[in-house]
């Protein structure tokens, strides 16, 4: 599943265009939308979705955690009219691309927004788990999420962590704690912070907490700089997988100490760590 760096890479491509030549989405007018898989819609019927979004203009591309937030305004909106937000969660196999209209209707296209200048915004999703919402208030969809993991200040991170109990990795994966961290970046951050994934949150020292905050920021920024991590056709173009220290490297030497990386289950999630660099005892 795409995590924060992968979703940020998608947001950046929609905001600025891509080196391959895809134009920016910002500024485009959405003339209509084709709903090819109605269950892709999170809160509206296809008819209501089509009616509300037709004629809007894309004003901004944002992100919170793993959610894309596309800000829309209507040309006919009055000064007091609230803007709309199109939220998209890519889930396991979603892709969002600006393409020429003649490339929009692929076998896995679920939603296709038809734009001006003979362009389209295509939501491909082979596994059909992705979702899109059209709302006036984004909090109606993402209000239960924690702060964005890339932008959480150290003091807020520490305060929120001190209010939690249980093992460290499940807390990092809990989107109500921080939004955006998944399995890959949790494993990489814990290795960089030299913390065992099963370590009790209540056992962390102040130095441990600050080291973990810094590690989370470091791996997320490194992932964004590498355009995320790519494994297969679902999310192409990233190369952060070439920099993994522990994730997916079971039995290979830890780049820090040389001891083989181990894989265990933590809260039913495959978890990679170095037993020498990340001892369980605090």
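Rank these for me by crowding, 58, 7, going from fewest to most other beta carbons within 10 Å.
Details: 58 22, 7 26.
Ranking 58, 7 by Cβ neighbours within 10 Å, fewest first, gives 58, 7.
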Just to be sure I understand: with springs between alpha-carbon atoms less than 10 Å apart, which residue in 48, 132, 186 has the highest mean-square fluctuation in the Gaussian network model of the chain?
48
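Shape of the range 131-234 from its Cα gyration tensor (a ≥ b ≥ c, root eigenvalues): rounded if a/c is under 1.5, otherwise prolate when a/b > b/c, or oblate? Show your work: numbers first, answer last.
Working: a/c = 1.91, a/b = 1.26, b/c = 1.52.
In terms of gyration-tensor shape, oblate.
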Relative to the present Cα-Cα distance, how much length would full extension add between residue 252 and residue 137 at 0.36 nm per residue of separation?
36.7 nm
For the chain, longest principal axis from Cα atoms; helix 4-16 axis from its Cα atoms; angle between them, nearest 10 degrees, is 30
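Just want the ordering: 204, 96, from fewest to most Cβ atoms lying within 10 Å of their own Cβ.
Numbers: 204 20, 96 23.
By the 10 Å Cβ count, ascending: 204, 96.
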Which of 187, 148, 118 moves most in a GNM of the chain, Cα contacts under 10 Å?
118
Just to verify a number: FRET efficiency for residue 116 and residue 239, C-beta to C-beta distance, R0 = 41 Å, to 0.05?
0.75
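For every helix of n ≥ 4 consecutive DSSP H residues, a contribution of -39,500 (n - 2.57) applies; sum these over the chain, divide by its total residues, and give [θ] at 222 nm rounded to the nearest 500 deg cm²/dmol.
Working: 7 runs with 71 residues, N = 282.
Here the helix-only value at 222 nm equals -7500 deg cm²/dmol.
Contour minus end-to-end for residue 128 and residue 165, with contour as 0.36 nm per residue of separation and end-to-end as the Cα-Cα distance?
Numbers: separation 37, 0.36 × 37 = 13.32 nm, distance 3.43 nm.
Value of the extension gain: 9.9 nm.
Report for the chain the percent antiparallel among DSSP-assigned beta bridges with both residues inside it, nearest 5. Don't jump to the answer; show the numbers that get you there.
On the way: 43 of 45 bridges.
Around 95 percent of the beta bridges assigned by DSSP in the chain are antiparallel ones.
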For residue 263 and residue 60, compute 0.36 nm times the residue count separating them, minus their Cα-Cα distance, and round to one decimal in nm.
69.0 nm
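Rounded, prolate or oblate: which fits the range 85-125 when a ≥ b ≥ c are the square roots of the eigenvalues of the alpha-carbon gyration tensor, with rounded for a/c under 1.5 and prolate only if a/b beats b/c? Could the numbers behind the result be given before it?
On the way: a/c = 2.73, a/b = 1.40, b/c = 1.95.
Oblate, because a/c is 1.5 or more while a/b does not exceed b/c.
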When the chain is treated as a GNM, springs tying every alpha-carbon pair under 10 Å, which of 242, 34, 262 comes out with the largest mean-square fluctuation?
242
FRET efficiency estimate (nearest 0.05) - Cβ-Cβ, residue 22 to residue 222, R0 35 angstrom:
0.90
Given R₀ = 25 Å, what would the calculated FRET efficiency be for residue 103 paired with residue 32, taking r from the Cβ atoms and rounding to 0.05?
0.90
Take 261, 156 and order them by how many other Cβ atoms sit within 10 Å, fewest up front.
156, 261
Once both labels are modelled 7 Å past Cα along the beta-carbon direction, what's the residue 156-residue 207 spacing in nm?
2.8
How far apart, in nanometres, would the label points at residue 45 and residue 92 be if each is projected 7 angstrom from Cα along the Cα-to-Cβ direction?
3.1
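Read-outs throughout are calculated quantities, based only on the coordinates presented, and are distinct from any laboratory measurement. Predicted, not measured: the structure shown is a model, and the values here were computed from it. For neighbour counting, all protein chains shown are included, and Cβ atoms are generated from backbone atoms with ideal geometry for every residue, glycine included.
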